[in-house]
Amino acid sequence: MVFPLPPPPSGAEGVPMNAPLVRLGLPLLSLSLLLAACGGGNVDPPLVGTPVTSLADSGPGTLRELLSSAGAGDTLRLSSGSITLSSPLTVSRNVTVDLGSGVIDANGKGRALEIPSGVTVTIKGGMLKGGMGAPITLARVGPQALSVATYGGVLLNEGTLTLDGTTVTGGTANMGGGIANLKGATLSLRGGSSVTGNSAQVLAENKEESSGGGGGIFNKGTLKVEAGSVSANTATNSGGGIYGGVDSVTTVSGGKVDGNTVTAPVVQTGTNTTGSAGGGIYSNGDVTITGGSVSGNTASYFGGGVTVQSTLDAQGNLVSPRITLGGGTIENNRVTDDAAGGSGGGLWINGNFTMTGGAVRDNAAPYGGGMGIFRDASITGGTIEGNTASKNGGGLLLFTPASRTTNSTVTFGGTATVRNNTAGDNSGGIAVSRTTLNMTGGTVTGNTAVNSGGGLALGGDTNSTIGGGVISGNKVTGSTDGGGGIRVFRSGKLTLSGGVISANSASRTGGGLVLDGQVTMTGGEISGNTVTGKGAGEGGGGGIRMYPNAVFIASGGGIKDNTALYGGGVFVGAASATNGDPAAQFTLSGATVSGNQATDTYGDGGGFYNDGKLTISSGSVTGNTAKNKGGGIRNTKRATYAQPGGSVTGNTPDNVYSEP
């Protein structure tokens, strides 16, 4: 809802009602002389509103006296100067207060300003500073009527308040160091408004109440950040810039939420870990970001930029807020503690998430450098780029806790792009664990992981689908594992029905894909991937590398134009000699394996290097090349090979070579 500003106290277009008419018949020469005599016609417009004539705290002509006597729709004007208060100012009518360059200093004697319910106020310009919060009335705190925690260091709003070019600074409270916007209230930031340098401190005792949240703003109603900034505020526990309570609504359509910090360090006690969250924004209510930026914020544990957290109501029912990202940027936010496994450098989301636009870039965390997503989500637009995870999930971490009986589902498609992210261990682009990923489109490109899954890593207990989109140009740089495009871990499942996995690379093995889980391929293509390493144990499986226990069924699509020293298309691994895992099993039942190359001088298996179990019942293996033997298929002595159907033709130097 947008509330109109009070009407101007003068005529249409701001012209005073008693302005004299200009005679149309006045000669041009005379008019020019008249304007010159009046200083060229640059006449300052009359100042609007009732002036404050005294800078005292109270008495005739003071702002306090004018607020108490103002009529609905009045404008009060303080052009300059500083007013030092002994108690908060209160507003009882709909007014506009133009502070100009003036300052209202609460002087540590309480808040500077309080807006009651049912009142609409606009404050233009000026500064409100130096306040201390006070307890508020709560429905349920305990036996006491008031909270123990203090709220709203500088300003308390229960009505409808617009700040237009106003600075709120130097406030201290337990919740909302600068501003507390309570239930049913609406607060809008416009123009060059700045909420900065405020702090929310934790209660020394009484853990029954929330405290240490919302360094800049505590919001229990509706908050609209349209312009200006919420910057350089601090909170102990959560929401360095903004804290949103249950059922609150926070919208960022412009301006900045930047440089805020939550300070509580990570503490590990047995299996319990605590720390700070939501460096920029922490919310148990709905959050919508369509413009502006959330940047340069920090938290120790999770959600360097934004945290949205589900809660339980009094009956134990889940209350899951919504977060929508349709524009704006989330950038350069950090989760600072690397040892405890914190996540969500840009965003940490335990609510229902929709992303249709915007950019999440250059954020960092141990897990999920760009985002950590812990519930259902839809990502169909926007860009996630340049983020860093010291461990897993450079761009995205998709994770369902083991305590839940149903895995979350994340849809990725449309024009969404995950690019140029990095991870110190696995999943440079997207890490998926106990979550169903449905990729229907979009692009995952240019991401890097040290050990495995340059583009995607699908962990255990996942059952994901790729039906469209492109996974290309990703890489694994280390020598312990592979899967330049995708890594499917043990007990992970992937159905590939469309899309393209191309031009990915790995140093050790599996330029396109590595698995010890299960893949069913009914469409799409795995093409143009490479293995670059030439060291001991390196160089196999340009398109696909199958470890023991892996199962790959290809009934459609194509595996083509991949390159490795041996096993240019597919390397089918042997049984494990250490843990008893069975040999990998590849079944070709309709797909095409073509144009793959084994490039080493002694390289075998242009299409397949089979050291496990390979069955061809339909489909084709054609146009593959090996420098040495087995242009189509190379079977080792311990391999199992059967061809009840399909075709293996036109390969160089031969179609099938089986070691005697």
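If I filter segment 584-598 for residues that are within 21 Å of LYS637 (Cα to Cα) and at pLDDT below 95, do I get at least one hit? Checked segment 584-598: no residue is within 21 Å of LYS637 (Cα to Cα) and at pLDDT below 95. The set of residues in segment 505-551 being in a strand (DSSP E or B) and among the hydrophobic types (A, V, I, L, M, F, W, C) consists of ALA506, LEU513, VAL514, LEU515, VAL519, MET521, ILE526, VAL531, ILE544, MET546, VAL551. Total residues in segment 94-121 satisfying the condition of being surrounded by fewer than 16 Cβ atoms within 10 Å (Cβ to Cβ) and not in a strand (DSSP E or B): the figure is 4.
To keep it simple, each residue is scored yes or no on (1) within 12 Å of the chain's Cα centre (by Cα); (2) modelled with pLDDT of 95 or more; (3) surrounded by fewer than 22 Cβ atoms within 10 Å (Cβ to Cβ).
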site: ILE384; (1), (2), (3): yes, yes, no
site: THR388; (1), (2), (3): no, yes, yes
site: LEU397; (1), (2), (3): yes, yes, no
site: THR405; (1), (2), (3): no, no, yes
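Yes/no matrix, rows are residues, columns are (1) under 30 Å from ASP105 (Cβ atoms); (2) surrounded by 10 or more Cβ atoms within 10 Å (Cβ to Cβ); (3) at pLDDT 95 or above:
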| site | (1), (2), (3) |
| --- | --- |
| PRO9 | yes, yes, no |
| SER32 | no, yes, no |
| PRO45 | yes, no, no |
| GLY81 | yes, yes, yes |
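Among what's in segment 54-71 and is under 18 Å from LYS109 (Cα atoms) and out of contact with any Ser or Thr (no Cβ under 7 Å at 6 or more places or on another chain), pick the residue that is surrounded by the fewest Cβ atoms within 10 Å (Cβ to Cβ). So the residue we want is SER58. Counting only strands (runs of 3 or more DSSP E) that fall entirely inside segment 391-496 and contain at least 3 residues that are over 20 Å from VAL519 (Cβ atoms) and in contact with an Asp or Glu (Cβ under 8 Å, 6 or more places away or on another chain), the qualifying elements are 417-419. On the stretch given as segment 281-337, residues that are assigned to a strand (DSSP E or B), in contact with a Phe, Trp or Tyr (Cβ under 9 Å, 6 or more places away or on another chain) and surrounded by fewer than 24 Cβ atoms within 10 Å (Cβ to Cβ) total 3. Filter segment 627-651 for residues that are without any contact (Cβ under 8 Å) to a residue 60 or more places away in the chain and in a strand (DSSP E or B); which is surrounded by the most Cβ atoms within 10 Å (Cβ to Cβ)? So, considering only residues that are without any contact (Cβ under 8 Å) to a residue 60 or more places away in the chain and in a strand (DSSP E or B), the one surrounded by the most Cβ atoms within 10 Å (Cβ to Cβ) is ILE633. Taking segment 591-617 as the range and being touching a residue at least 40 places away in the same chain (Cβ under 8 Å), assigned to a strand (DSSP E or B) and either acidic (Asp, Glu) or over 19 Å from GLY573 (Cα atoms) (or both) as the test, only ALA591 passes. Take the conditions (1) crowded, with 24+ Cβ neighbours inside 10 Å; (2) in a loop (DSSP other than H, G, I, E, B); (3) not acidic (Asp, Glu); VAL168 misses just one of them, which is (2).
The values are calculated or read from the model by the stated rules, or taken from the named source; none is laboratory data. What you are looking at is a predicted structure, and each value in this text was computed from that prediction instead of being measured. Cβ sites come from the backbone with ideal geometry, for glycine too, and all protein chains shown count toward neighbours.
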